[in-house]
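The values are calculated or read from the model by the stated rules, or taken from the named source; none is laboratory data. Quick caveat, the model's predicted, so the values are computed rather than measured. Ideal geometry is used to build each Cβ from the backbone, glycine not excepted, and the neighbour counts take in all protein chains shown.
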Amino acid sequence: MGFKEQGGESEKGLIEAVNEQAGELIHLLRCSRAPDSVLAEATAHLQAAMSSLAPYLEQGEGWSVASIASDTPGLGWLENDLTHCMPYSPVSGRRNPVAPSIRMWRDGGEVRGEALFSATYAGPPNSVHGGVIAAVFDELLSMANVISGAAGFTGTLTVKYHRHTPLQQPIELWAVNDRNTGRKQFSRAEMRVDGEVTASAEGLFILPASASDEP
């Protein structure tokens, strides 16, 4: 049975609330030192939850940041919430429990946002994992392309790590589409803490052949 947006805003809120709780569970598992007795009790609760959800597991093709299998809720992006159109993104989706806390919005011709990374996303001591930073840049640059009129597929992504990006502190996000040349899109992005750049990225994205008559 396919996923449908039945129940309006209340059901969408419940879906997102459940995923938020699942994300908190991931954080607790990653960061807690619970005794075996507590872990055994938690395992029993988790097995019960999995048994409840298992009959509704989707199969098939067509999975994306915007769909369960080939069934998509068809959500568009909003100027004050660009990631609204990708509810299942592992980077920013509110219906994906592995996604960190990220917001992105349009500011004229630029994208701005804010991220907060818990210890779930730790790499070096007290710092965000470099691979997580790269994934966030990929989505941030894509959003800059979206507001410019079209979004292509990632061709190359170059990330420069200026200094450590801290955990548990608000991270400012910024991105802009510099130019489009035929099917090629060139974009830049930065992460900042208190105005200081901690990481930056440049991306080359390629539009599908049908999106442009130029090579």
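Structure data summary
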read-out	value
Check on Pro73, under 21 Å from the mean Cα position of the chain (by Cα), closer than 25 Å to His27 by Cα, assigned to a loop (DSSP other than H, G, I, E, B) and not aromatic (Phe, Trp, Tyr)	no
Boolean, Asn145 is closer than 30 Å to Gly76 by Cβ and touching a helix residue (DSSP H, G or I) at 6+ places or on another chain (Cβ under 6 Å)	no
Unmet criterion (only one of (1) in contact with a strand residue (DSSP E or B) (Cβ under 8 Å, 6 or more places away or on another chain); (2) polar (S, T, N, Q); (3) closer than 23 Å to Ser200 by Cα) for Thr72	(3)
Pairs with Cβ under 9 Å, 6+ apart, first in the stretch 149-174 and within 11 Å of Thr198 (Cα to Cα) and at pLDDT 95 or above, second charged (D, E, K, R) and assigned to a loop (DSSP other than H, G, I, E, B)	Glu172/Asp194
Residue that is surrounded by the fewest Cβ atoms within 10 Å (Cβ to Cβ) [pool: residues in the stretch 149-160 that are within 16 Å of Val91 (Cβ to Cβ) and not hydroxyl-bearing (Ser, Thr, Tyr)]	Phe153
Residue in the stretch 56-67 that is in a helix (DSSP H, G or I) and out of contact with any Gly (no Cβ under 9 Å at 6 or more places or on another chain) present	yes
Residue within the stretch 30-38 that is of a type outside the set (Val, Ile, Thr), surrounded by 12 or more Cβ atoms within 10 Å (Cβ to Cβ) and within 24 Å of Arg94 (Cβ to Cβ) present	yes
Output for the stretch 176-215, where each listed residue is polar (S, T, N, Q) and modelled with pLDDT under 90	Ser210, Ser212
Matching residues, the stretch 122-156, being among the polar types (S, T, N, Q) and closer than 29 Å to Arg30 by Cα	Asn126, Ser127
Residue match in the stretch 100-115 (condition: over 10 Å from the mean Cα position of the chain (by Cα), farther than 24 Å from Ala22 by Cβ, surrounded by 12 or more Cβ atoms within 10 Å (Cβ to Cβ) and among the hydrophobic types (A, V, I, L, M, F, W, C))	yes
Among the residues listed as Val98, Val159, the single one being aliphatic (A, V, I, L, M), touching a Ser or Thr at 6+ places or on another chain (Cβ under 9 Å) and within 17 Å of Cys31 (Cβ to Cβ)	Val98
From Glu172, Glu139, Glu190, residue being touching a Lys or Arg at 6+ places or on another chain (Cβ under 6 Å), acidic (Asp, Glu) and closer than 23 Å to Cys85 by Cα	Glu172
Every residue from the stretch 92-113 that is closer than 16 Å to Pro170 by Cα and either in contact (Cβ under 8 Å) with a residue 24 or more places away in the chain or acidic (Asp, Glu) (or both)	Ser92, Ala99, Pro100, Ile102, Met104, Trp105, Arg112, Gly113
Among residues of the stretch 119-148, those that are touching a strand residue (DSSP E or B) at 6+ places or on another chain (Cβ under 8 Å), surrounded by fewer than 19 Cβ atoms within 10 Å (Cβ to Cβ) and outside any strand (DSSP E or B), counted	6
